[in-house]
Structure formats: C-alpha cells, structure tokens
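A quick write-up on the structure given underneath.
Every number in this text was worked out from the coordinates using simple rules, so none of it is lab data. Keep in mind the model is a prediction, meaning the values are calculated, not measured. Don't worry about glycine lacking a Cβ; one is built from the backbone with ideal geometry, like all the others, and counts go over all protein chains shown.
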Amino acid sequence: MNTVIFDPEDLEPITVINVPPQFIREIEQGVRPPYLRFACHIQPHYLTDEIIMEGPKIAEVRFEPLVYGDLRKWMAFAMNPEICLLLKSVFLPGQSAAIQDERKQAMAKGFLKGLSLAVKHY
C-alpha cells in the first residue's frame, strides 16, 4: 500500500513509501508500535585526499489515526524529515506512466550516445 509521509509541522508531503497492509493491521490490533524505521545509507563524501564515510542514518515514521466520522485512515508522519527525504520514493499510480516514458527516453538517449561514441573511436 503506497503511503505518503508528511512533515508533522506543516503537513507538507515529503515522499511516498510502500507499507505492507499487514503492518497497519498489526498496529490496529496493538501487536506492534506505530513506528517504522528505515536505514538510509549516505553516499561517501569525497574531499581532496580524504574520504569521509558516514554510517547509516535512521529515518523514523510514526503512524497516527485520522478519524473523520466513521472513516478511520492512518497517516504517516516523519519524525526526522531531513533524513526521510533520503528514502527512495515509490510513485503513485497516476505518475507511473510518465515516469516509465521518461526512463525509456533516457535509456534510448544514453544508448544512442554510447553507440555514437563507439562509432567515432573506430
């Protein structure tokens, strides 16, 4: 189930993640706490002669119920929005066709560019 993670201060959407429906059921049953934690690996920083490696950062997401009349939905809030921005986003169904087209065009351009570079060297 695709879930939008919101910033708790201004309710701005940060990213979209895929959460298994079983996780939400377990929260509702009280089997698990309403937190999800993800390890986000940071790319190493390259400075002159020195390589600085950082360990993984932990992105924390808290689920809160939103009740509107008889409707109960679960909303996800980033406990550390800066780190949650590092999560790899999944795309919503309406975005997937455009993203796939963009990726196909990028692949074709890259392939043709590589082919033209290979032909120039012979």
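Numbers below:
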{"read-out": "Amide H partners (placed H, <5 Å) of Phe6, local residues excluded", "value": "Ile14, Ala76, Phe77, Ala78"}
{"read-out": "Partner aspartates and glutamates for Lys57 [C-alpha distance under 13 Å; skip if fewer than 8 residues away on the same chain]", "value": "Glu82"}
{"read-out": "Per-residue HN-Hα couplings for region 6-16 [Karplus 6.51, -1.76, 1.60; θ = phi - 60°; Hz; x = Gly/Pro]", "value": "10, 6, x, 7, 10, 6, 7, x, 9, 7, 10"}
{"read-out": "Residues with amide H under 5 Å from that of Cys40, placed H, sequence gap 5 or more", "value": "Lys57, Ile58, Ala59"}
{"read-out": "3J(HN,Hα) from dihedral phi, region 21-37, Karplus parametrisation 6.51/-1.76/1.60, rounded to Hz, x for glycine, proline", "value": "x, 4, 4, 5, 4, 5, 5, 4, 7, x, 6, 9, x, x, 10, 10, 10"}
{"read-out": "Formal net charge of residues neighbouring Leu36 (Cβ-Cβ distance under 13 Å; K, R +1; D, E -1)", "value": "0"}
